[in-house]
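Comments concern the structure below.
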Amino acid sequence: MTCTDFLSQLTDYFDGQISPELLEEVRAHTATCPHCEVVLDTTSKTISVYRDNELYELSNEFRERLHTAIMTKCRPCK
Amino acid sequence: MPAIQSPGTEEIHPDVALVARAKEGDTAAFEQLVRQYERQIFRVAQHITQNREDAEDITQDAFLKAYEKLDQFQGNSKFSTWLVRIAVNESLMRLRKRKTSKTVSMDEDVQTEEGSIPRDFAEWRPNPEQNYGQAELADILRKTIQGLPPGFRTVFTLRDIENLSTEETAEALGLSVPAVKSRLLRARLQLRERLSRHFRQKKEGLPA
Ligand SMILES: [Zn+2]
């Protein structure tokens, strides 16, 4: 497996959609290629740091406004 | 994989009952759905438009539009995916309006090679998050994703932040699965490259 092949498998790797054979090859490649090992590790950290940190919160003021709008505008619809 | 699902083995999503009640005119049921998804819809709109006011307008419009079109929701997909699709369309429309000179579409910027080849191979500190306060870290993450082209940050938002499956992301964006995968790879690699500037291990001054 080359570094380019490795990159082309990265999405399936993270999505858990990689075949056992290719997974073996990815593991063998990262064991011998420090660059790709870092890419794998830091890409995985990139995904988890975004998943674990809520960046935008709804304000209570907007939430109230939203529910008022929904209840007034949706009620006469039916 | 078996092509036929035996009845009873597939769990019915709790939204199905709420949607059915809302279709009958039960606004409380619809409000329950709003409560469940308001944060997600707002986050998606905010990530795409990068503007709080726009995101609030879009959130409200998306739910009102969903209520109006409820009869068109067939239940082939999850209600949440259908809702996200409405919000994404509203968000992209809003972006287009703001940038009158330039069209904004999911196809934009896919031609660029930026980030498709990793260049930074520095290892990161073991727990980069712990080197920053919560507010500072959030600021870094927001600024970093802001710099991505809209098409890339939209795919990343749906797939990695909101945890939609690749298929659901494709459905919400009207893209093919391979198109989602290639954008996702680029988005993840570009973010990785940019975050590396903050999180990389410093070579000097580290205790052995
Ligand atoms: Zn390699």
Review point. Any residue in the stretch A:9-17 that is within 16 Å of the ligand (Cβ to nearest atom) and more than 7 Å from chain B (Cβ to nearest Cβ)?
Key: yes
Check your understanding: Would the stretch A:49-72 turn up any residue that is surrounded by 11 or more Cβ atoms within 10 Å (Cβ to Cβ), within 16 Å of the ligand (Cβ to nearest atom) and at pLDDT 95 or above?
Key -> no
Check your understanding: In the list B:Asp57, B:Asp15, which residue meets the criterion of being outside any loop (DSSP other than H, G, I, E, B) and in contact (Cβ under 8 Å) with a residue 40 or more places away in the chain?
Key -> B:Asp15
Check your understanding: Scanning for something more than 16 Å from B:Gln50 (Cβ to Cβ), touching a Gly at 6+ places or on another chain (Cβ under 7 Å) and surrounded by fewer than 22 Cβ atoms within 10 Å (Cβ to Cβ), does the stretch B:181-188 turn up at least one residue?
Key -> no
Practice item. Please list, ordered by first then second residue, the pairs with beta carbon atoms under 8 Å, 6 or more apart or interchain, first in the stretch B:66-82 and closer than 17 Å to B:Gly174 by Cα, second in a loop (DSSP other than H, G, I, E, B). Key: B:Lys78/B:His13; B:Phe79/B:His13; B:Phe79/B:Phe73; B:Thr81/B:Leu164; B:Trp82/B:Phe73
Check your understanding: Pick from the stretch A:18-42 the residues that are within 13 Å of the ligand (Cβ to nearest atom) and of a type in the set (S, T, N, Q): which of them is farthest from B:Phe199 (Cα to Cα)?
Key -> A:Thr32
**Study point:** Tally of residues being part of a helix (DSSP H, G or I), open to solvent by less than 60 Å² (accessible area, probe 1.4 Å) and of a type in the set (D, E, K, R) across the stretch B:143-172
**Key:** 4
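The values are calculated or read from the model by the stated rules, or taken from the named source; none is laboratory data. As the structure is a prediction and not an experimental result, all values here were calculated from the model. Here Cβ is always computed from backbone atoms with ideal geometry, including for glycine, and neighbour counts include all displayed protein chains. Surface accessibility is based on the protein's heavy atoms, side chains included, excluding ligands, DNA and RNA. Shrake-Rupley method; radii C 1.70, N 1.55, O 1.52, S 1.80 Å.
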